[in-house]
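A.B. asks: Sharing a structure, written as structure tokens. Questions coming.
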Amino acid sequence: MSGPLRLLGCVLLVVVVLAACQGEAEPEEPAMDMQQAGQRSEAILDGTMAAIHPSVKWARGTPGESACSTGLNRPTGTTTVVRSRNILTVVSEQRRGELLEQVRRYWKQQGAQDFSVKSDKNMPWIRATTADGFSLSLQVGSIGNVFADAGLSCAEDSDMTYPPGTPGQPGGPKKEELTPREHSDFWSSGGPRRK
């Protein structure tokens, strides 16, 4: 009888030690603060827009910040930071695949990984993650608008500045531009000509 009890005792001890070790683990420190995360997101998006050929017209989207919290809704002193770009060039349905493929190739050249692609006829998207933990996405919206996002989860809280032309910020437009309206002989081919 002592054998099974000893075995049970050993199993319980292992479980308690593992739980104690996990409970003592220090939370991982954020790799950067909100200002650094915002600047890095802007740089990723600038590079992404520059990698599209022929070039497209774009505008900054409204930045997003969301406080991170524990499972008990307690603040952690960290915030998720997201920046975006809205493509104002009309991208026809026939050219969407080419646009997503150009961006996918560029992100892969920059070291992004964990790609996922939705090849939907109306609202396709592509997502990836950079080596330093930024989430990337490029997707087509319900009105045919195309937008790109880059962001970092749970950056250390800090003050932030925004580039000129950021919607909702001093000197920027009150509302972001969403509707594509610029015609391109390449990107808009096969779709209605708008200006």
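A.B. asks: Among the residues of segment 128-146, what is the count of those that are in a strand (DSSP E or B) and closer than 23 Å to Asp33 by Cα?
C.D. replies: Residues in segment 128-146 being in a strand (DSSP E or B) and closer than 23 Å to Asp33 by Cα: 6 in total.
A.B. asks: Please find, within segment 66-107, the residue that is farthest from Gly38 (Cα to Cα) out of those that are under 15 Å from the mean Cα position of the chain (by Cα) and open to solvent by 40 Å² or more (accessible area, probe 1.4 Å).
C.D. replies: Among them, the one singled out is Arg104.
Listed here are the residues, each with its yes/no results for (1) within 17 Å of Leu88 (Cα to Cα); (2) without any contact (Cβ under 8 Å) to a residue 40 or more places away in the chain; (3) hydroxyl-bearing (Ser, Thr, Tyr).
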position: Ala128; (1), (2), (3): no, yes, no
position: Gly133; (1), (2), (3): no, no, no
position: Leu136; (1), (2), (3): no, no, no
position: Val140; (1), (2), (3): yes, no, no
position: Asp159; (1), (2), (3): no, no, no
position: Trp187; (1), (2), (3): yes, no, no
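A.B. asks: What are the residues in segment 128-145 that are open to solvent by less than 60 Å² (accessible area, probe 1.4 Å) and within 22 Å of His183 (Cβ to Cβ), if any?
C.D. replies: Matches in segment 128-145: Leu138, Gln139, Val140, Gly141, Gly144, Asn145.
A.B. asks: Taking the residues in segment 115-127 that are assigned to a strand (DSSP E or B) and surrounded by 13 or more Cβ atoms within 10 Å (Cβ to Cβ) as candidates, determine which candidate is farthest from the chain's Cα centre (by Cα).
C.D. replies: Filtering first and then ranking leaves Val117.
A.B. asks: Given the residues Gln94, Gln35, Gln102, which is the only one that is in a helix (DSSP H, G or I) and farther than 18 Å from Asp185 by Cα?
C.D. replies: From the options Gln94, Gln35, Gln102, the qualifying one is Gln35.
The values are calculated or read from the model by the stated rules, or taken from the named source; none is laboratory data. Just so we're clear, the structure is a prediction, and the values are computed from it rather than from any experiment. Don't worry about glycine lacking a Cβ; one is built from the backbone with ideal geometry, like all the others, and counts go over all protein chains shown. Ligands, DNA and RNA are excluded from the accessible area calculation, which covers all protein heavy atoms including side chains. Shrake-Rupley method; radii C 1.70, N 1.55, O 1.52, S 1.80 Å.
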